[in-house]
1. Given the convex hull over the Cα atoms of the chain, what projected area results after averaging over all orientations, in nm²?
2. To the nearest 0.05, what FRET efficiency results for T103 and R62 with a Förster distance of 25 Å applied to their C-beta separation?
3. So which trypsin sites (Lys or Arg not before Pro) in the stretch 26-125 pass both tests, a DSSP loop state and at most 12 other Cβ atoms within 10 Å of the Cβ?
4. In the stretch 98-143, which chymotrypsin sites (Phe, Trp or Tyr not before Pro) fall in coil by DSSP and have 15 or fewer other Cβ atoms within 10 Å?
5. Using 19 Å as the cut-off for backbone N distance, which residues of the stretch 68-107 belong to the label zone defined by a point 7 Å from the Cα of V17 along Cα→Cβ?
6. Expressed as a rounded percentage, what relative contact order does the stretch 4-137 have, with Cα pairs under 8 Å and six or more residues apart?
7. For the stretch 10-66, which GluC sites (Glu not before Pro) pass both filters: DSSP loop (anything but H, G, I, E, B) and at most 10 other C-beta atoms within 10 Å?
8. Along the charge dipole of the stretch 4-137, which of Y69, L55, L35 sits closest to the positive end, that is, farthest toward it, with unit charges on the beta carbon of Lys, Arg, Asp and Glu (+1, +1, -1, -1)?
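A short reminder: the numbers here are calculations on the coordinates, not readings from a lab. Since we're looking at a predicted model, the values are computed, not measured. Cβ: placed from backbone, ideal geometry, glycine included. Neighbour counts: every protein chain shown.
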Amino acid sequence: MKDVEKTVGNMIDKQRVTFIGSVDAEGFPNIKAMLQPRKREGISVIYLTTNTSSLRVSQFLRESRSCLYFCDARFFKGIMLKGRVEVLTDHTSKEMIWREGDTMYYKEGVTDPDYCVLKFTAVSGRYYSNFKSENFVIESSTGLSK
């Protein structure tokens, strides 16, 4: 892959569904489909929105290790990012990714206590395309490392 950040970033931006992995209390992996990310900083930090009361949030509060998966089913390509999730409930974070129409999910608006932000920070990834896979490492603040 010539330009990892561009290739991965473009694929993330084009997918409508994000698959997120968490670890349950028994140590088993759990996967859930979510809406596409609300914001990203390169490919190292990705923000999603969810309900504070959700099972996933309770799992992330106990165990932050996680992964995100993006799949282009048409061209049979995939990207898995491995990292950690922080659950953010502060007003600044919630305001940052709030969108018009979110009251459909969070009736009380940006201050709804059942609205929170998942901040995923990637450390590495794996890209699949054309019948082969390629690993890459991500620096947390600047993007990629070779």
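1. 9.1 nm²
2. 0.25
3. Here the trypsin sites (Lys or Arg not before Pro) that fit, given the DSSP loop and packing criteria, are R74, R99, K107.
4. For chymotrypsin sites (Phe, Trp or Tyr not before Pro) across the stretch 98-143 that sit outside H, G, I, E and B with at most 15 neighbouring Cβ atoms in 10 Å, the list reads Y105, F131.
5. 68-81
6. This gives 25 percent for the stretch 4-137.
7. E26
8. So the residue furthest toward the plus end is Y69.
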